[in-house]
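Every number in this text was worked out from the coordinates using simple rules, so none of it is lab data. Just so it is clear, the structure is predicted and the values come from calculations on it, not from any experiment. Please note: Cβ atoms are built from the backbone with ideal geometry, for glycine as well, and neighbour counts cover all protein chains shown.
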């Protein structure tokens, strides 16, 4: 089977201030790095309001719409901005993950990667933050559970920042296992290992500044993969942030590009054991353009090899 790549030009229409880390060039770099990989390419649809409302209350959706400017850029918080094209980009991002879930669960493709922006894993129930407007991965998880009727879904977030938004949106649902590894202390300041969720369905792993490949892999083998395998999810979703790379300017973890291929391959191993290889991944962070492009390509090449 094939790997799907889902994206849309509207995701390039989300404009941030000059010098902002989450910039249009990020997605350009990722898409450029994926050009030579044999993938099934799909245009991301706009998410329906009902898709967003599976994870966020109507007040949040109404607020995002109300904040959308007709011109220029508006500030939602010190890190998070909206331009006239941001609303469409956010709806395409959520729609891309929903489409990816449909393609994988429908058996059209083996796995999928949503190349999108803005990212999503910091968006809480009613709070856009950390560059994020909607919880894309959480929306995809809820779609898999409520629309497709799955009983167990797992989310693995290897972005260097804690996925506070995804946890906020999913931790009250015992059908979901949420796993996040992240540098600590670091923005957003959440994700202590003692925080295990409302149903003991959250695994937060704090990484020390300077963590390298060997320690990262040992932690995943000892903590992440056994917990993931024991949960027996029917679908694994991945928040694929590449800012744990040693070159990233916003963090202090020292992973190399091959580490992202390795963790992707091991997630695919478990997916093959427990859920027929079904993996849906979505782009989160990564702010050194070269490291982001190389790491995203390694991630997607591994998905493509494992789907073949």
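In table form, for the structure just shown:
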quantity: Shape of region 19-81, Cα gyration tensor, a/c cut at 1.5; calculated: oblate
quantity: Extension reserve of the residue 172-residue 50 stretch, reckoned as 0.36 nm per residue once the Cα distance is removed; calculated: 42.0 nm
quantity: Spin-label pair residue 125/residue 199, simplified geometry with 7 Å Cα→Cβ offset, distance in nm; calculated: 1.6
quantity: √(5λ) per eigenvalue of the Cα gyration tensor, region 113-209, largest first, Å; calculated: 20, 16, 11
quantity: Beta bridges per DSSP with both ends in the chain, % antiparallel, nearest 5; calculated: 10
quantity: Percent RCO, i.e. relative contact order, over the chain, from Cα pairs under 8 Å lying at least 6 residues apart; calculated: 20
quantity: Structure-derived Rg and Dmax of the Cα atoms in Å - corresponding label in (i) 17.2, 50; (ii) 19.1, 60; (iii) 19.7, 69; calculated: (i)
quantity: Residue 25 paired with residue 219, simple spin-label distance in nm, labels 7 Å along Cα-to-beta-carbon; calculated: 2.9
quantity: Computed lengthening from residue 75 to residue 272, 0.36 nm per intervening residue step minus Cα-Cα distance; calculated: 66.6 nm
quantity: Likely footprinting exposure, 263, 155, fewest C-beta neighbours within 10 Å first; calculated: 263, 155
quantity: Extension gain (nm, one decimal) between residue 227 and residue 108, 0.36 nm per residue minus Cα-Cα; calculated: 40.0 nm
quantity: Burial order of peptide ranges 62-70, 19-27 (average beta-carbon count within 10 Å, highest first); calculated: 19-27, 62-70
